[in-house]
Amino acid sequence: MVETLDAKETLANVPLFKDAPERALEVAASVVQLRQFPGGTTLFQEGDMGEALYIIHKGLVKLSKVDLGGYEKTLAILQAPEFFGEMALLGDKSRSATALTLGEVEAYLLFEDDFNKLIQAYPQVSINLTTTLAKRLSGTNDEAQILSYKDAQGRVAYVILRLYRSGVIELSKDGTATVQLTHQELANLAGTSRETVTRALKVLEKQGVIRTRPKEIIVMDIDGLEEILHGIRE
Ligand code: CMP
């Protein structure tokens, strides 16, 4: 009972249940299953059959795909209260990307039958689902445009800004933000090579918008990064 109440409270903040009737939250809370996963767990792999949608309660999850050349491309890093894994339940049933936990993760699993019943019974849940899919599509379109014509500095500036805007990295009191990712992980996000990222970071550091430490990038000037992305600052 306590668990169901906790789940209901968590689900109320999940975009999938925004403005949904109380009853939808109660039903969802009574059917979801809370699971804990250690860091580095592959929740599922691209091509696996989909059984459940995941609602993040704690921690970060990386979604990625391997391209035809064998390179990994990170699609998104998600955190609570975001959800993922809905596409296989709606479409051809196979996972469109691989999901990996970055550190310990707690997630509520909503299994396919329960998910289908919820979207059929509560139109608001279906509307929310469509809204999330539309936002992701629009983000993907923006990204495709930016990554196809920007130079290396612009691409790296873009992925750092995207991480910052999605709340994955937080601003500290002195106005700086720390990105705890390796150059290879940034390369996977920017769709480029590790060597190119390392060179681009050096240039950005010279411009005074970031500082680098091993496995860490400290963002000194968010506005400056934005100017570099939009070509206002060379
Ligand atoms: P599914 O295909 O079931 O499994 C992988 C999940 O990754 C997919 O559902 C979506 O929930 C999520 N996903 C796929 N592409 C993106 C993207 N571009 N941005 C955020 N999430 C995505």
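Limited to the range 27-43, what total is found for residues that are surrounded by fewer than 20 Cβ atoms within 10 Å (Cβ to Cβ) and either at pLDDT below 95 or under 22 Å from the mean Cα position of the chain (by Cα) (or both)? Residues in the range 27-43 being surrounded by fewer than 20 Cβ atoms within 10 Å (Cβ to Cβ) and either at pLDDT below 95 or under 22 Å from the mean Cα position of the chain (by Cα) (or both): 10 in total.
Take the residues in the range 98-127 that are part of a strand (DSSP E or B) and among the aromatic types (Phe, Trp, Tyr); name whichever of them is nearest to the ligand (Cβ to nearest atom). Step by step, filter the range 98-127, then rank; the result is Phe111.
Is there a residue being touching a strand residue (DSSP E or B) at 6+ places or on another chain (Cβ under 8 Å) and closer than 22 Å to Tyr149 by Cβ anywhere in the range 176-187?
Yes: the range 176-187 contains one or more residues that are touching a strand residue (DSSP E or B) at 6+ places or on another chain (Cβ under 8 Å) and closer than 22 Å to Tyr149 by Cβ.
Against the numbered list (1) surrounded by 14 or more Cβ atoms within 10 Å (Cβ to Cβ); (2) more than 13 Å from the ligand (Cβ to nearest atom), Asp67 comes up short only at (1). Applying the set (1) among the β-branched types (Val, Ile, Thr); (2) touching a helix residue (DSSP H, G or I) at 6+ places or on another chain (Cβ under 9 Å); (3) near the ligand (Cβ under 9 Å from one of its atoms) to Thr74 leaves exactly one unmet item: (3).
Here is a yes/no grid of residues against (1) under 25 Å from Pro81 (Cα atoms); (2) within 17 Å of the chain's Cα centre (by Cα); (3) β-branched (Val, Ile, Thr); (4) in the same structural domain as Lys73 (by TED's automatic domain parsing):
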{"residue": "Arg165", "(1), (2), (3), (4)": "yes, yes, no, no"}
{"residue": "Glu205", "(1), (2), (3), (4)": "no, no, no, no"}
{"residue": "Val209", "(1), (2), (3), (4)": "no, no, yes, no"}
{"residue": "Pro214", "(1), (2), (3), (4)": "no, no, no, no"}
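Pairing each residue of the range 72-93 that is in the same structural domain as Arg136 (by TED's automatic domain parsing) and assigned to a loop (DSSP other than H, G, I, E, B) with any residue that is more than 8 Å from the ligand (Cβ to nearest atom) and among the charged types (D, E, K, R), provided the two are 6+ apart or on different chains, yields C-beta distances under 7 Å for Ala80/Lys58.
Residue-by-condition table, conditions (1) at pLDDT below 90; (2) on the phi > 0 side of the Ramachandran plot; (3) open to solvent by less than 10 Å² (accessible area, probe 1.4 Å):
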| residue | (1), (2), (3) |
| --- | --- |
| Val156 | no, no, yes |
| Ser172 | yes, no, no |
| Ala177 | yes, no, yes |
| Pro214 | yes, no, no |
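The one condition from (1) at pLDDT below 95; (2) open to solvent by 50 Å² or more (accessible area, probe 1.4 Å) that Met49 does not meet is (1). If the condition is being near the ligand (Cβ under 7 Å from one of its atoms) and open to solvent by 70 Å² or more (accessible area, probe 1.4 Å), then the range 77-97 contributes only Met87.
When each of Leu181, Leu201 is tested for being assigned to a loop (DSSP other than H, G, I, E, B) and either surrounded by 19 or more Cβ atoms within 10 Å (Cβ to Cβ) or not hydroxyl-bearing (Ser, Thr, Tyr) (or both), the lone residue that passes is Leu181.
For Ser148, the criteria (1) at pLDDT below 90; (2) surrounded by 12 or more Cβ atoms within 10 Å (Cβ to Cβ); (3) assigned to a helix (DSSP H, G or I) hold in every case but one, which is (2). When the range 2-48 is filtered for residues that are outside any helix (DSSP H, G or I), away from the ligand (no atom under 16 Å from the Cβ) and within 19 Å of Thr131 (Cβ to Cβ), the ones remaining, listed by number, are Asn13, Lys18, Asp19, Ala20, Pro21. Would you confirm, using the coordinates I've provided, whether Ser138 is without any contact (Cβ under 8 Å) to a residue 40 or more places away in the chain, open to solvent by less than 50 Å² (accessible area, probe 1.4 Å), under 30 Å from Asp19 (Cβ atoms) and outside the structural domain of Asp223 (by TED's automatic domain parsing)? Taking the combined requirement at face value, the residue does not satisfy it.
The values are calculated or read from the model by the stated rules, or taken from the named source; none is laboratory data. As the structure is a prediction and not an experimental result, all values here were calculated from the model. Because the Cβ atoms are built from the backbone with ideal geometry, glycine has one as well, and the counts that use them run over all protein chains shown. Accessible surface is based on the protein model in full, side chains and every heavy atom, while ligands, DNA and RNA are left aside. Shrake-Rupley method; radii C 1.70, N 1.55, O 1.52, S 1.80 Å.
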